[in-house]
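Okay, so here's the structure we're looking at.
The values are calculated or read from the model by the stated rules, or taken from the named source; none is laboratory data. Note that this is a predicted model, so its numbers are computed, not measured. We place every Cβ from the backbone using ideal geometry, glycine too, and count neighbours over all the protein chains shown.
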């Protein structure tokens, strides 16, 4: 770092100091990381500002060429290194978690990477949420309310989600609207608004918001999953299947996605495919008595008593108190 400083070496040095539990060197290493020069052009330099079509065409060509793509990659690597280092050392460099984060935020604010301080504050709020310190998380997020930036939109999205979990749908909707106003491309804002409308029973409006979220971020898994749920409740099973098949391609072997695929195939009458998905689900969670019971019911409806008995008995083995399963097993033994 003294001879040829770069972000990767700086991050690795901080990780070493962290492993040694050397607080002073962690701080020194972080400050050295913030002193690494990012020798690239400002992004705003390439935004078209004149009415000259040729000038705008040249700027657009520069913004999309391979050199500019490399600059963006270098910038992302720098931001990732700084934020990763801050998240690593913040909880341990001071007497308490809050003081450590405040030190990192102040250090970033005093450097050329000051815009990253907001991202670190958001992470601080998320960490408070993980520690179930809800009020402190909300207080941290509220500091962004009057700022017009993508960080403010992210903060408002997090606040909307917390209010929604607390059952305050009205306040969650207000925060969701604020997040959308600050950043119209924030997919999480549309997801939160969709959740609020879904909670209020307005499924068509919820569907509209989830679709808007996907227009802004086609890989937004929350929007895809919830859009599938809305389509399912509206009886649009084929559209719901399309959502979950796309989601399965993004996050394969996710139990909830596999269950929805299995259940939807059952609803559209494709029993063989439904069984196939349920078997994949049991490969991940083989002790789920509810899925075993469901498989037993499917085979019973198909008049395959041997398989129906097998899955009902397996369900009973993992959850002996299910009266429906007990009733079926009793009737099965009586019929023998």
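All of (1) in contact with a helix residue (DSSP H, G or I) (Cβ under 6 Å, 6 or more places away or on another chain); (2) surrounded by fewer than 21 Cβ atoms within 10 Å (Cβ to Cβ) hold for residue 134 with one exception: (1). Any idea how many residues of region 177-192 are over 16 Å from the mean Cα position of the chain (by Cα) and part of a helix (DSSP H, G or I)? Counting residues in region 177-192 that are over 16 Å from the mean Cα position of the chain (by Cα) and part of a helix (DSSP H, G or I) gives 6.
Across region 137-170, the number of residues qualifying as loosely packed, with under 13 Cβ neighbours inside 10 Å, assigned to a helix (DSSP H, G or I) and at pLDDT 85 or above comes to 2. Picking from residues in region 78-96 that are more than 21 Å from the chain's Cα centre (by Cα) and surrounded by fewer than 17 Cβ atoms within 10 Å (Cβ to Cβ), the one that is farthest from residue 156 (Cα to Cα) is 95.
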